[in-house]
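Comments concern the structure below.
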Amino acid sequence: MTETIQWKPYDPSWLIELAKDQCPEEPWLPEALAACTNAWQVNEVSIDFIHPFEGKFETNITFHSPTGGMVILDILESNIVGGVEFVFFPPLTCPCGYVFKFSATVSHSWIAVHNMRYEEFSRNGEELATLTLDREKNKLAIRNLVRRGRELKEKIYQCPKCGRIAWLKPGEKSLHIFAPENTVDLEPSNSL
Ligand SMILES: [Zn+2]
């Protein structure tokens, strides 16, 4: 990592509130979050509280964000919060009126990967599988690969009522909505 890390003061109080609210089974978490007062903005959606070369990745804890989407905490060894990532998921109401409930979206959604990125995506998955064989040794690399994997995924939601699709591209904060038109039958020669 060659970028210079610029630490800035951070107010974790909203994360502490989310933790108290949504994660009462982890009583240590609010205090761990209270220590997150210095942050480095890694990219548009990720913030680190701990230098990326320090600490060993242990697990993720996920919250639902009050503004829509998910908040994913990276928990390092010894219950330290290493960073946070925001996965945008807008409160999604289809133009037909159907409201997607976050918990119900899985059955109406697809993960898409751009053709040009697919090779990287597959490699990422293979590398991840190899590295997890020695989770202890490869914790930092695993964390980076998991993050990169998320960046490569695009989400497509289909409205079960009207068939419109809403497409969320990586890094974008608006949904592109498409309404169904005709069905075009493939020519027999094309379908072979
Ligand atoms: Zn709809």
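The values are calculated or read from the model by the stated rules, or taken from the named source; none is laboratory data. Please read these numbers as outputs of a predicted model, since none were measured by experiment. For neighbour counting, all protein chains shown are included, and Cβ atoms are generated from backbone atoms with ideal geometry for every residue, glycine included.
Key figures for this structure:
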{"item": "Residue among ILE142, ILE156 that is of a type in the set (Val, Ile, Thr), in a strand (DSSP E or B) and touching a Ser or Thr at 6+ places or on another chain (Cβ under 9 Å)", "result": "ILE156"}
{"item": "ARG123 vs. criteria within 16 Å of VAL87 (Cβ to Cβ) and in a helix (DSSP H, G or I)", "result": "no"}
{"item": "Residue in the range 71-88 that is part of a loop (DSSP other than H, G, I, E, B), in contact with a Gly (Cβ under 9 Å, 6 or more places away or on another chain) and either modelled with pLDDT under 90 or not assigned by TED's automatic domain parsing to the domain that holds ARG143 (or both) present", "result": "yes"}
{"item": "Cβ pairs under 7 Å, 6+ apart, first in the range 119-146 and of a type in the set (Lys, Arg), second crowded, with 16+ Cβ neighbours inside 10 Å", "result": "ARG135/ILE142; LYS139/LYS56; LYS139/PHE57; ARG143/PHE57; ARG143/ASP74"}
{"item": "Options ILE50, ILE72: the member that is surrounded by 15 or more Cβ atoms within 10 Å (Cβ to Cβ) and closer than 18 Å to ILE5 by Cβ", "result": "ILE50"}
{"item": "Per-region count, the range 1-25, residues at pLDDT below 90 and over 19 Å from the mean Cα position of the chain (by Cα)", "result": "9"}
